[in-house]
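S.K.: Pasting a structure here, questions to come.
The values are calculated or read from the model by the stated rules, or taken from the named source; none is laboratory data. Because the structure is a prediction, the values reported are computed rather than measured. Cβ placement follows ideal geometry from the backbone for every residue including glycine, while neighbour counts extend to all protein chains displayed.
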Amino acid sequence: MLDHLVYATPNLDTTVAEIEQQLGVQMVEGGRHPGLGTRNRLLGLGGRAYLEVIGPDPDQEQPPVPRPFGMDTLTSARLVTWAVAVTDIDAVVTRARAHGYDPGDPQDMSRRTPAGELLTWRLTPPATAGVVPFLIDWSTTRHPTNTGLPTVELTSFRARHPDVEAVQSSLSALNVDLDLTDGTTPALTAVLRSTPGSLTLT
């Protein structure tokens, strides 16, 4: 099940302003990721799915490691990857490995909301160009969509890749469905719609 889309940007405030103007909604401050040098804004996509717009946090010191999602080299905003929600992430990883795909070892993550609430979760390492999703397990933490996010409609979500067969094999190992077609370069595309307008993220 789709948990969230990750839209990375070199300038969070600028990108968020563009999305808000296009869709006529106000995104919610998600929080900061201590030690990673990033912060995010969130927008619901219906059900337990949401859009995460993530960018550098100017109020944090330069992190000791590169920021995630290739953010340090981005020149424009890009839909870089997506996450699938699972329960018992260790069991899902074991099953995927048995079917020929290794999602990587789960990692513990956390962030504080602007209200000070500590959110914790576990995830497998996201790829920079993530046609194959990473896994996320929220366990007992309150899911971001349960915080009253403004919501728009996700009308389509699809991907293209030059090796459809290999990607489909990895998706099958994760028991994940994706609208996947052949293309010269890996890419994700999502179309969002609200009453004022629509927006295509690539």
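S.K.: Does any residue in the range 72-99 that is surrounded by 13 or more Cβ atoms within 10 Å (Cβ to Cβ) and at pLDDT 95 or above come within less than 7 Å, Cβ to Cβ, of a residue that is of a type in the set (Lys, Arg) and part of a strand (DSSP E or B) six or more places away or on a different chain, and which pairs are these?
M.R.: ILE89/ARG122
S.K.: Output yes when any residue across the range 147-163 is surrounded by fewer than 14 Cβ atoms within 10 Å (Cβ to Cβ) and among the aliphatic types (A, V, I, L, M), and no when none is.
M.R.: no
S.K.: Now, a different point. Which of the numbered conditions does MET109 fail, given that it passes all the others? Conditions: (1) surrounded by fewer than 21 Cβ atoms within 10 Å (Cβ to Cβ); (2) at pLDDT 95 or above; (3) assigned to a strand (DSSP E or B).
M.R.: Unmet for MET109, out of (1) surrounded by fewer than 21 Cβ atoms within 10 Å (Cβ to Cβ); (2) at pLDDT 95 or above; (3) assigned to a strand (DSSP E or B): (2).
S.K.: Then there is this: Just the residues that are out of contact with any strand residue (DSSP E or B) (no Cβ under 7 Å at 6 or more places or on another chain) and of a type in the set (Ser, Thr, Tyr), please, taken from the range 86-138.
M.R.: Within the range 86-138, THR94, TYR101 meet the criteria.
S.K.: Evaluate the following for GLN21: is it in a helix (DSSP H, G or I), loosely packed, with under 13 Cβ neighbours inside 10 Å and at pLDDT 90 or above?
M.R.: yes
S.K.: Of the residues in the range 175-194, how many are surrounded by 14 or more Cβ atoms within 10 Å (Cβ to Cβ) and either in a strand (DSSP E or B) or within 17 Å of the chain's Cα centre (by Cα) (or both)?
M.R.: Counting residues in the range 175-194 that are surrounded by 14 or more Cβ atoms within 10 Å (Cβ to Cβ) and either in a strand (DSSP E or B) or within 17 Å of the chain's Cα centre (by Cα) (or both) gives 11.
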